[in-house]
Amino acid sequence: MDQKWKGGANNGISRLASCANTYATQNFQPVWYQGPPVTNGLEATNLAMDQFTQLIRDNGFRLASPAKIDYQIPSPVTSSTIRGETASRQTEVPLSFIINPTQLDRVDINSIVLTGSMFHAWLHRAGFQDPKTTSYFISEAPMCVTRGNQQKSGAVPDAAIYQFFD
């Protein structure tokens with residue numbers, strides 16, 4: 001927010017938006033979106049963050065059902081950590097998600113990976129879809145979070161990160 005706000009001018013570009021703009025090339029719009037086409041990761045990030053703000057507002061003012069965090073071991077067992085259902089509407093969507101508790105005790109899954117996974121789940125709650133692959137906004141933006149908005153490195157393949165996404 002501070003990076004986008006840019007001292008009050010509100011014309012900055014966040015590191016997240018810059019990173020997503022570099023890597024995301026597909027599926028920039030939530031399923032409910034009916035505005036002009038979103039054509040890049042920068043626009044998609046701004047749309048997603050506006051939508052996320054709306055969801056927080058709706059949840060805070062009790063315009064949505066209470067958000068729940070459920071714990072469920074998936075069947076069959078998967079490597080995903082946090083799962084959220086894709087919302088089909090723009091407003092009054094609870095920020096609920098399901099955590100796979102078997103993943104939380106793994107030493108190779110740190111809080112940054114969990115943050116990226118939670119962001120991915122919340123993007124689903126905001127209406128974004130994906131086929132669980134790279135180039136899609138909903139995969140690339142959370143991978144940017146997981147990498148600290150740094151460039152991709154051959155040392156850490158995309159699949160090593162998005163295996164934890166639902």
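Descriptive notes on the structure:
- Subset of the range 61-71 [within 20 Å of the chain's Cα centre (by Cα) and surrounded by 11 or more Cβ atoms within 10 Å (Cβ to Cβ)]: Ala64, Ala67, Ile69
- Filter result (free of Cβ contacts under 8 Å to residues at least 40 places away in the same chain and in contact with a Cys (Cβ under 7 Å, 6 or more places away or on another chain)) within the range 124-166: none
- Here the condition is being among the small types (Gly, Ala, Ser) and over 23 Å from Asp130 (Cβ atoms); of Ser79, Ser96, Ser65, Ser75, it holds for Ser65 alone.
- The listed residues are Thr53, Thr115, Thr134, and the only one of them that is within 30 Å of Gly12 (Cβ to Cβ), in a helix (DSSP H, G or I) and over 11 Å from the mean Cα position of the chain (by Cα) turns out to be Thr53.
- Checking each residue in the range 1-16 for being in a helix (DSSP H, G or I) and either charged (D, E, K, R) or at pLDDT 70 or above (or both) picks out Asp2, Gln3, Lys4, Trp5, Lys6, Arg15, Leu16.
- Thr102 within 19 Å of Trp32 (Cα to Cα), free of Cβ contacts under 8 Å to residues at least 40 places away in the same chain and either surrounded by 13 or more Cβ atoms within 10 Å (Cβ to Cβ) or among the aromatic types (Phe, Trp, Tyr) (or both): no
The values are calculated or read from the model by the stated rules, or taken from the named source; none is laboratory data. Treat the numbers as computed from the prediction; the structure is a model and nothing was measured. No Cβ is skipped: glycine too gets one built from the backbone with ideal geometry, and neighbour counts run over all protein chains shown.
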